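The next block holds one structure in the form of structure tokens; read it before the comments.
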Amino acid sequence: MNLFNIFDPSTMIINLELNWISTFMIIIMMPNFIWIMPNRMNWILFKMFNMLNNEMLMLYKMKKTKSPAFLFITLFMFILLNNFFSLFPYIFSSSSHMIFSMTLALPFWLFHIIFSVCKNTKNMIAHLIPLNTPIYLAPLMTIIETMSIIIRPLSLSIRLTANLIAGHLLMTLLNFNSMLLIIILIQMFMMIFELCVAMIQSYVFSILSSLYSSE
């Protein structure tokens, strides 16, 4: 009954390690009305997808490549649903673990790096030196740009994980047994704040992934 157990992947339920199954339960429990018939939920999702698509099309508008917006919108929805699912009490928070965020960030980053090296080697090497850089600073700028590219999946993972852990721990540390009005108001405020964080972090992760791919 320890609330901190939601951050422990090794916690077993009836001698079965089923914590990570919460990541996939969102797909199983998603009601059919979301995709079977038009309704208000479909309208909200359509508006959200349209906004994300327009945001990502701006990154690819001046390029000859087609926009893989559907891929990043799917990534956004998967992270968003996992973030919402982890807000329920005593449910394992998979999106607040580095293994979850690195599993999403590293393959995207690695695919784009390999694709750039194989298909567009000259432009990728030229991209390591910013425009109008003095020749004597070129080696230093190459090292800096290379390091900034290497740490991108780590920064994406840490950003998502750290923000979710911070909010979850703060809600856990509040006194849930107290019935004081001020505590209840703080808990309500924190819940609304965590809902906003869940949406914002999903949006930031998908947008930055699309930005890195367009570069």
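Please name all residue pairs, on different chains or six or more residues apart, with Cβ atoms under 9 Å, provided the first residue is in region 192-208 and is among the acidic types (Asp, Glu) and the second residue is surrounded by 16 or more Cβ atoms within 10 Å (Cβ to Cβ).
Glu194/Asn83; Glu194/Leu87; Glu194/Leu164; Glu194/Gly167; Glu194/His168; Glu194/Met171
Which residue pairs have Cβ atoms under 8 Å apart, sit 6 or more places apart or on different chains, and have a first residue in region 155-173 that is touching a residue at least 24 places away in the same chain (Cβ under 8 Å) and surrounded by 15 or more Cβ atoms within 10 Å (Cβ to Cβ) and a second that is among the acidic types (Asp, Glu) and assigned to a helix (DSSP H, G or I)?
Note: pairs meeting the criteria are Gly167/Glu194; His168/Glu194.
With the condition kept exactly as written, say whether any residue in region 95-102 is surrounded by 14 or more Cβ atoms within 10 Å (Cβ to Cβ), at pLDDT 80 or above, under 25 Å from the mean Cα position of the chain (by Cα) and not in a helix (DSSP H, G or I).
Yes: region 95-102 contains one or more residues that are surrounded by 14 or more Cβ atoms within 10 Å (Cβ to Cβ), at pLDDT 80 or above, under 25 Å from the mean Cα position of the chain (by Cα) and not in a helix (DSSP H, G or I).
(1) in contact (Cβ under 8 Å) with a residue 40 or more places away in the chain; (2) over 16 Å from Ser214 (Cβ atoms): which one isn't true of Thr133, the others all being true?
For Thr133, the failing item is (1).
Does at least one position in region 165-172 carry a residue that is touching a Ser or Thr at 6+ places or on another chain (Cβ under 8 Å) and either modelled with pLDDT under 80 or more than 13 Å from Ser86 (Cα to Cα) (or both)?
yes
Scan region 125-178 residue by residue and report those that are among the charged types (D, E, K, R) and either within 30 Å of Phe189 (Cα to Cα) or touching an Asp or Glu at 6+ places or on another chain (Cβ under 9 Å) (or both).
Within region 125-178, Arg159 is the sole residue that qualifies.
The values are calculated or read from the model by the stated rules, or taken from the named source; none is laboratory data. Predicted, not measured: the structure shown is a model, and the values here were computed from it. Glycine gets a Cβ as well: all are built from the backbone with ideal geometry, and neighbour counts include every protein chain shown.
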